[in-house]
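Please read the structure below before turning to the comments.
The values are calculated or read from the model by the stated rules, or taken from the named source; none is laboratory data. Note that the structure is predicted; figures quoted are calculated from it, not measured. Backbone-built Cβ (ideal geometry, glycine too); neighbour counts: all protein chains shown. Only protein heavy atoms, including side chains, enter the accessible area calculation; ligands, DNA and RNA are left aside. Shrake-Rupley method; radii C 1.70, N 1.55, O 1.52, S 1.80 Å.
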Amino acid sequence: MYELLEAYLSRCGVWGVVLTLGAFGLGTFVNRKTGKGWCNPLLLGSLFVILLLSLLRVPYAEYRTSAEPVSYLLLPATVSLAIPLYEKWQLLKENTAAIFAGIFAGVATSLGSVVLLAWLLKLEFFQAVTLLPKSVTTAIGMDVAAALGGMAPLAGAVIILTGIMGGISAQWLCGFLNITDPLAKGIAIGTASHAIGTAKALEMGEIEGAMSGLAIAVAGILTAVLAPVFAGLLP
């Protein structure tokens, strides 16, 4: 049975794309039906893919190769976030200093928390630098981790998990901390949980989405610049 399945998959070059989109669609359906924040479509979709690959004994490397076209959409999808930012250009000009100060503080906190964690848990250097770019988009974070001597695939997994957790908890956490300013919400979400969190920010409002999209780009640049500095503070 497994031999027949492997032969079929080898002939069907785009099965990974179909599986990925189908799993995400199923996750979206469950999310809408339940209305629960923890039923994040990306989280559920990932679990569905993992479960199916495990049951059918399909190697991850084969799935990754077949699903590669989906990853090509990541960069243009991120760039498209500039559209809501352009629509809020006047708001950006009026609050430039506060916006960039907030993003810088968020990036410094993210990197600093990893350094602190590394000291407390006595992480090895390659483990710590793998975690350093956890709050930026995978397109930047995986390269940063690899350049510092970390494990790029593991960094990608950590980045995605960080984004999912941000998307799940963003709205609740803003309410818990009594953060009501939409600009502050967007900056916090984008800086902490990149594009996945930004999807949630767009649901929360136009300003939140625009500022979160800006935070992704600026936080990515700052992380690439500051990560080597914080890596020097690791045990």
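Which FRET efficiency, nearest 0.05, do residue 109 and residue 52 yield, Cβ-Cβ r, R0 35 Å?
Efficiency, rounded to the nearest 0.05: 0.40.
Taking the solvent-accessible surface of protein heavy atoms with a 1.4 Å probe, what is the per residue accessible area of the chain in Å²?
Roughly 55 Å² per residue, with all protein chains present.
Just add up the charged neighbours of residue 95: K/R +1, D/E -1, any other residue whose Cβ is under 14 Å from the Cβ of residue 95.
0
By average Cβ neighbour count within 10 Å, what is the ranking of 131-142, 183-194, 90-101 from highest down? Present the calculation step by step, with values, prior to reporting the outcome.
On the way: 131-142: 25.7, 183-194: 27.4, 90-101: 13.2.
The packing order, highest mean first, is 183-194, 131-142, 90-101.
For the stretch 57-172, what size does the Cα cloud have along each of its three principal axes, sorted from largest down, in whole Å?
Result for the stretch 57-172: principal-axis Cα extents of 52, 39, 31 Å.
Note the count of lysine pairs whose C-alpha atoms are less than 21 angstrom apart in the chain, limited to pairs 8 or more residues apart or on different chains.
10
Against the longest alpha carbon principal axis of the chain, how many degrees, from 0 to 90 and to the nearest 10, is the axis of helix 152-176 turned?
That works out to roughly 60 degrees.
Compute the acute angle (0 to 90°) between the alpha-carbon long axis of helix 2-11 and the principal axis of greatest extent of the alpha-carbon atoms of the chain; round to the nearest 10°.
On a 0 to 90 degree scale, this one is about 60.
Would you mind checking the tilt of helix 206-231 against the longest principal axis of the Cα atoms of the chain, expressed as 0 to 90 degrees and rounded to 10?
With rounding to tens, the tilt is 90 degrees.
I want to make sure I understand the PRE zone here: with the label point 7 angstrom from the Cα of residue 71 toward its beta carbon, which residues in the stretch 13-40 have backbone N atoms less than 14 Å away?
Counting backbone N atoms under 14 Å from the label point, the list is 16-17.
Pop out the carbon and sulfur fraction of the accessible area of the stretch 155-235 as a percent, whole number, probe 1.4 Å. Don't skip to the end; give the middle numbers.
Numbers: 2400 of 3380 Å².
Taking all protein chains in place, the stretch 155-235 shows 71 percent carbon and sulfur surface.
Remind me, relative contact order of the chain in percent, using alpha carbon pairs under 8 angstrom and six or more residues apart?
20 percent
Would you please classify the overall shape of the chain from the alpha carbon gyration tensor, given that a ≥ b ≥ c denote the square roots of the eigenvalues, rounded means a/c under 1.5, and beyond that prolate means a/b larger than b/c while oblate covers the rest?
Judged from the Cα gyration tensor, the chain comes out oblate (a/c at least 1.5, b/c at or above a/b).
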